[in-house]
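To keep things clear, I will list the structure first and then write my remarks on it.
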Amino acid sequence: MPTILSFVALSNGQLTRASLEVLTRCRALAAEQGADLAAVVLAPNAGAAGAAAEAAQRYGAQTVYTVADPAFEHALNAPVLQALEAVIEKAQPSLVAFPSTEGVKDVLGALAVRTGGAVVADVAEFEMKDGGVEALRPVMAAKFLARTRAEAAAGTPVLVSVRSGSYVAEESPVAGTVEAVALESRRPQQTLREVVAGVAGGVDLADARVVVAAGRGVKDDAARRLVEELAEVTGAAIGASRAVVETGMFPATAQIGQTGKVVSPEVYFAVGVSGAIQHVAGMSNSRIIVAVNNNADAPIFDVATYGLVGDLYEVLPALIAEIKNSSA
Amino acid sequence: MNFCVCIKQVPDVSAPIQVRGGELVMDAGRVVLNAYDASAIEEALVLTEEHGGEVDVLLIGPERATETIRKALAMGAARGTHLVVPEEAELDSAAVSALLARHLEGKGYDVIATGKQAQDTDAGLAGSMLAERLGLPYATNAVGLAVEDDVLVVTRQGDGGQEVIALPTPCLVTCSNDMNDPRIPKLKGVMAAKKKPVETVAVDEVPAASVRVLRYEPVPQREPGETIEGEPAEQAAEVVRRLHEASVL
Ligand SMILES: Cc1cc2nc3c(=O)[nH]c(=O)nc-3n(C[C@H](O)[C@H](O)[C@H](O)COP(=O)(O)OP(=O)(O)OC[C@H]3O[C@@H](n4cnc5c(N)ncnc54)[C@H](O)[C@@H]3O)c2cc1C
Ligand SMILES: Nc1ncnc2c1ncn2[C@@H]1O[C@H](COP(=O)(O)O)[C@@H](O)[C@H]1O
């Protein structure tokens, strides 16, 4: 029976929402194709791998390949490639799907070359059709969609990475098997010097249900504090435009857009963001967009569900007060 | 340290572009150097100015893409190579990286740099594919580079923060435009670029793409939104009410 393999990523010991979305999509494809559904998880230790495997089974993975190795404490690409190559060799999948994270982007192309397969990155939709994979992917800063068809040589997989928010994660537990795969030790070519962590303990941007994003309209500490406070009362992760990251007021890890991350929360507050296409590329998939901008002609209002024309120094305090009131 | 930067000519996304009959219709004259590749060139120039060495550029594209090589030379690159393919050639990242690898094999560069993605494909694949084909250690999404003896120190943007990685040369790095602001060529540079060597190589066999674009489509429009009028307190009350109605707060 053919196999579909879904890569699930961990963040703070939990499978990310985007991983579960991809796994759920693969479950539907497996049912449709009469294929087995397998998942692969890379974790720094056996405990974390085991917990992740259980979670993957709740979402229908019949076989979970786990690779537990301290190498996965950090994000060096060589051991990740080596592990995925080994699991693909074992599982012989026709399709391998990934959530489109920075970690995945780091290895996807190289893995395709190594496995001899074909690869499509950052898709918004994908299906298996006539022995290939057809996908819809945003191109040119998400200005257009390209409908693509990938065909891999016989016996090699098609690799697909999927934008977060493209599918809805739904549980469907199975009692499956867990297969531990060992990582052969190799002399590392790269060495990690240092990890400059992002905002510690903050809500993971890609998984957040609510995002408050700051743009260059957020000019000083007072404005930044308003953004932080709005994020606090809504339980949001903080995002940022490229222009405001350049000022040094927000970390680059928070950047949303073509260069930055793609997010798909239930609510996206765009505060002092003009709405350049390179920014919109990373947030237009949000369910509800609330824009606060003092320029009524700002392009962000073209994508906003609710547009609030006004000065953020006045509108944000009012919003914060109202949210506090309404949930008290 | 000697660098080779792989550069692409891309349509200017701020120019008017339409889809008609599944094809993109655009002004063939509105093309630019891929922004991410421009950042790669800038960083390579800064490092070679500081530590010695030269920056070459390598481009695959139709005849007219030569102007993009000239742009890189005007910025300060030493020489260019143009692998010429027919205007209608369909190249995916796999085919691009295969052609680049074929050319770069045995050339002896210390660092090969690419953009983290092409602004038109937004694929972000060719860099790591090229590294794998050449058997080089690599890092992606660099936001900072430094040279220490034979080591390239890469600061890369990861999911939750930044990682500082030491790569022994030869190696490959893919660059983010968050790394720097590329210099705008000065007249002197533009004049000098005219005399710099550009080697053109006709590609007689373009590798078959494993991923083909069947057609382009417009992005479905979002539901039209509404402007919430009033004083800040009124705007806030109205929006918060809607958000509660949608059960998202
Ligand atoms: C290849 C490439 C990739 C890029 N990638 C990204 C990316 O990933 N993410 C990204 O964000 N950008 C990206 N950009 C940059 C993008 O083109 C814009 O320059 C950027 O998004 C602008 O950020 P901004 O909206 O914060 O700033 P601006 O465009 O300066 O907008 C600031 C807004 O704040 C409003 N404002 C000012 N004061 C107030 C106030 N008191 N109250 C309310 N509103 C106020 C103004 O009316 C204005 O609309 C990229 C560009 C390129 C070329
Ligand atoms: N036609 C090309 N010629 C030279 N380099 C290219 C070409 N296409 C892509 N590249 C390089 O590969 C990178 C990634 O491209 P892509 O995989 O299409 O996102 C670009 O930033 C360039 O550095």
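Rolling a 1.4 angstrom probe over the protein heavy atoms with all chains in place gives the protein assembly as shown an accessible area of 41 Å² per residue. For A:Thr16, the accessible area of its heavy atoms, probed at 1.4 Å with every protein chain present, is near 10 square angstrom. Only protein atoms count toward the accessible area here, which uses a 1.4 Å probe; on the protein assembly as shown, the carbon and sulfur part of that area reaches 49 percent.
Just to be sure I understand: of the beta bridges DSSP finds with both ends in region A:231-328, what percent are antiparallel, rounded to 5? Here the antiparallel bridges make up roughly 0 percent for region A:231-328.
For region B:155-213, the list of GluC sites (Glu not before Pro) that fall in a loop by DSSP and count at most 13 other C-beta atoms within 10 angstrom reads B:Glu205. Could you give the distance between the Cα centres of region A:147-176 and region B:1-67, to the whole Å? Each part's Cα centre sits 32 Å from the other's. Is the C-alpha gyration tensor of region A:205-324 telling us rounded, prolate or oblate? Criteria: a/c under 1.5 is rounded; beyond that, a/b larger than b/c is prolate, otherwise oblate. Verdict is rounded for region A:205-324. Across chain A, the relative contact order, built from alpha-carbon pairs under 8 Å that are at least six residues apart, equals 14 percent.
Comparing Cα centroids, region A:66-83 and region B:176-245 end up 32 angstrom apart. Among the residues of B:162-171, the average count of other protein chain beta-carbon atoms within 10 Å of the residue beta-carbon is 5. Around the amide H of A:Ala180, modelled in the peptide plane, lie the amide H atoms of A:Thr66, all under 5 Å away and 5 or more residues distant in sequence or on another chain. Springs join every pair of Cα atoms under 10 Å in this Gaussian network model of chain A, and among A:Asp207, A:Asp297, A:Asp36 the largest mean-square fluctuation is at A:Asp297.
Here the protein assembly as shown carries DSSP beta bridges of which approximately 40% are antiparallel, counting only pairs with both residues inside. Over all pairs of different C-alpha atoms, region A:135-260 has a mean inverse distance whose reciprocal, the Kirkwood radius, equals 19.0 Å.
A Förster distance of 45 Å, applied to the separation of the beta-carbon atoms of B:Ala246 and B:Gln18, puts the FRET efficiency at 0.85. For the pair A:Asp297 and A:Ala197, label points projected 7 Å from Cα toward Cβ lie 4.6 nm apart. Adding -39500 (n - 2.57) for every DSSP H run of four residues or longer, then dividing by how many residues the protein assembly as shown holds, sets the calculated 222 nm ellipticity at -9000 deg cm²/dmol. Computed extension length for A:Met1-A:Gln14: 1.7 nm, one decimal, from 0.36 nm per residue of separation with the Cα-Cα distance subtracted.
Rg/Rh for the protein assembly as shown stands at 0.96; both radii use Cα atoms, and Rh follows the Kirkwood definition. With every protein chain in place and a 1.4 angstrom probe, the accessible-area ranking of A:Glu127, A:Glu102, largest first, reads A:Glu127, A:Glu102. Sparse packing (at most 14 other Cβ atoms within 10 Å of the Cβ) combined with a DSSP loop state is found for the following GluC sites (Glu not before Pro) in region A:134-208: A:Glu170, A:Glu171, A:Glu184.
Of the residues B:Asp110, B:Asp37, the one with the largest accessible area comes first in the ranking B:Asp110, B:Asp37, computed with a 1.4 Å probe on protein heavy atoms.
Take the Cα of A:Glu228, step 7 Å toward its Cβ, do the same at A:Thr247, and the gap between the two points is 1.5 nm.
I want to verify a result. In a Gaussian network model of chain A, Cα cutoff 10 Å, which of these has the top mean-square fluctuation: A:Asp106, A:Asp221, A:Asp204? Result for chain A, Cα springs under 10 Å: A:Asp221 fluctuates most.
Take the accessible area of chain B alone and of chain A alone, subtract that of the pair, and you get about 6500 Å² summed over both chains, using a 1.4 Å probe. The mean sequence distance of close C-alpha pairs (under 8 Å, at least 6 residues apart), as a share of the length of region A:187-328, puts its relative contact order at 22 percent.
Extension gain, A:Glu54 to A:Lys219, is 54.8 nm, computed as 0.36 nm per intervening residue step minus the present C-alpha separation. Each of A:Leu183, A:Leu108 has its accessible area taken with a 1.4 Å probe; listed largest first, they run A:Leu183, A:Leu108.
In region A:1-68 the Cα-Cα distances spread across 10 Å bins starting at 0 as 24, 56, 18, 2 percent of all pairs.
With a ≥ b ≥ c taken as the square roots of the eigenvalues of the C-alpha gyration tensor of region A:57-123, please select rounded if a/c is under 1.5 and otherwise prolate if a/b is larger than b/c or oblate if it is not? The shape class here is rounded. Within a straight-line Cα-Cα reach of under 17 Å, A:Lys143 can be paired with the following aspartates and glutamates, leaving aside sequence neighbours fewer than 8 residues apart in one chain: A:Asp122, A:Glu125, A:Asp302, B:Asp12, B:Glu23, B:Asp27, B:Asp120, B:Asp122, B:Glu217, B:Glu223.
Which residues does the label zone of A:Ala182 cover in region A:43-60, counting backbone N under 19 Å from a point 7 Å along Cα→Cβ? Zone members listed by number: A:43-47, A:49-50. Treating r as the C-beta distance of B:Asp27 and B:Arg222 and R0 as 22 Å, the FRET efficiency rounds to 0.20.
In this structure B:Glu49 has an accessible area near 120 Å², from a 1.4 Å probe over the protein heavy atoms.
The values are calculated or read from the model by the stated rules, or taken from the named source; none is laboratory data. Quantities reported herein were computed from a predicted structural model and do not represent experimental measurements. Positions of Cβ are generated from backbone atoms using ideal geometry, with glycine treated the same way; all protein chains shown enter the neighbour counts. Protein only, heavy atoms only, side chains kept; ligands, DNA and RNA dropped before computing areas. Shrake-Rupley method; radii C 1.70, N 1.55, O 1.52, S 1.80 Å.
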